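Just so it is clear, none of the values below were taken in a lab; they were calculated from the coordinates. As the structure is a computational prediction, the values presented were derived from the model and not from experiment. Backbone-built Cβ (ideal geometry, glycine too); neighbour counts: all protein chains shown.
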Amino acid sequence: MTLKEIAVEAGVSVSTVSRVINKSSKSPASQQVQDRIWEIVRRTGYTPNSNARQLKMGNPAAPAGASRSIACLFARVHEAETDTFFASLARSIEKEAFKHGYIVKYTFTAFDIHDPNIFRLISDNHVDGVAVLGRCDKHLLKFLKQYFRYVAYTGLNNLDAKYDQIVCDGYQAAITAMEHLLKLGHTRIAYVGETSSEDRYRGYCTALAEAGLSFCRELVSDESLSPEGGYHGTDRILKKGITVSAFFCPNDATAIGAMRAVKEHGLSIPEDISLISIDDIDTAQYLTPMLTTIHIPVEEMGQMTAKILIDRIEGGHTLPVKVNLPYYIAGRESCGECSVFRKSGT
């Protein structure tokens, strides 16, 4: 496969393909075009002239027997393409890996390993390493150890394993989000999202305790991190008729569903209910009202994950490396000062 053949299949010019795979900032293609080009690269296994690329970038050659390919494993989602955060993270990993002469040969989820055909593909894999996106359980960690020699993990939860980790601390991000609401006078803050082994839920509980507030089970709804989960969890809490002035959601996708539920109950954001979350996906700034959220450096997380995984593959380091990337509050319109408490659903 050549650049020209990729261009023909993608329906774009050769120069567009070149700009996309070389991550040029000049005349960037739309996200749809970029995704189409990377899908073709992944499917066909296209790689640039490795020797020329390495000489140009000053990188050492890959170790003997290396395939110059990696895999991406989505640990928490059933369909990677439907989750904006993890899809963006994977794109960043793929682009950075390509700069170093590697391709993402396989992309699969933790739920795929139960499919005999996918399991066979994984067990017979010929990739040099795997990037794991999202929190892993012990079963998945055991699986990774058995089938992959080199592993790099990235996500918002710290991993209890001796793997390279590129993390943006979800626990501290949750505390920061809660402190933002507390400073605005909110004391009845609901949580909608996953609770089991979830650092962002621990951050929610810690922030309440440090503020001297009692934990209220009725203000917590254990839901999947999705728009559906956010909608149903928020609707369930509001129907209880208990006092609540703000909601904290662990990610933007959940917050989007929560916003719909709040509005369907005839409440206004932020006049009646304030709402904050974590991720800062592109959609967050186009919602009405614009969503206040914790910005996670997704692009940098992906770049660093690819760099560290490839460095380990090529013998650059042997001890486990942990990188903790910073975050910040993207203050927008969905949070306001706490007014007189209202009964939810009234």
* Structure fact -> Per principal axis, largest first, the Cα atoms of the chain extend in Å by 67, 42, 38
* Structure fact -> A chain fully extended from Asp137 to Arg260 at 0.36 nm per residue, minus the present Cα-Cα distance, gains in nm 41.1 nm
* Might you report the magnitude of the Cβ-based charge dipole of region 170-295 about its Cα centre, with Lys and Arg at +1 and Asp and Glu at -1, to the nearest 20 debye? => 420 debye
* 14 Å reach of a label modelled at Arg188, 7 Å along Cα-to-Cβ, counting backbone N of region 208-232 -> 214, 216-220
* **Value at 222 nm in deg cm²/dmol, rounded to 500, when DSSP H runs of n ≥ 4 in the chain each add -39,500 (n - 2.57)** => -12500 deg cm²/dmol
* Asked: If each of Ser197 and Thr2 carries a label point 7 Å out from its Cα toward its Cβ, how far apart are those two points in nm?
  -> 5.0 nm
* Subset of Lys105/Lys307; Lys142/Lys307; Lys142/Lys322; Lys145/Lys322; Lys4/Lys307; Lys239/Lys263 violating a 22 Å alpha-carbon distance limit -> Lys142/Lys307; Lys4/Lys307
* region 69-218: relative contact order as a whole-number percent, Cα under 8 Å and 6+ apart -> 19 percent
* Asked: In angstroms, what radius of gyration and Dmax does region 170-295 have, counting Cα atoms only?
  -> 12.7, 35
* Of the chain, which part is the longest with no chymotrypsin sites (Phe, Trp or Tyr not before Pro) in a loop (DSSP not H, G, I, E, B) and with at most 14 other C-beta atoms within 10 angstrom? -> 1-214
* To do: Round to the nearest 10 and give me the degree value, 0 to 90, for the angle of helix 138-147's Cα axis relative to the longest principal axis of the chain.
  => 10 degrees
* Asked: At Lys145 and Arg43, where each label point lies 7 Å from the Cα along Cα→Cβ, what is the point-to-point distance in nanometres?
  -> 3.8 nm
* To do: Quick one: work out the % antiparallel among DSSP beta bridges in the chain, nearest 5.
  => 10 percent
* To do: Using only the Cα atoms of region 103-203, build the gyration tensor, take square roots of its eigenvalues as a ≥ b ≥ c, and label the shape rounded, prolate or oblate: rounded if a/c is under 1.5, else prolate if a/b is larger than b/c, else oblate.
  => prolate
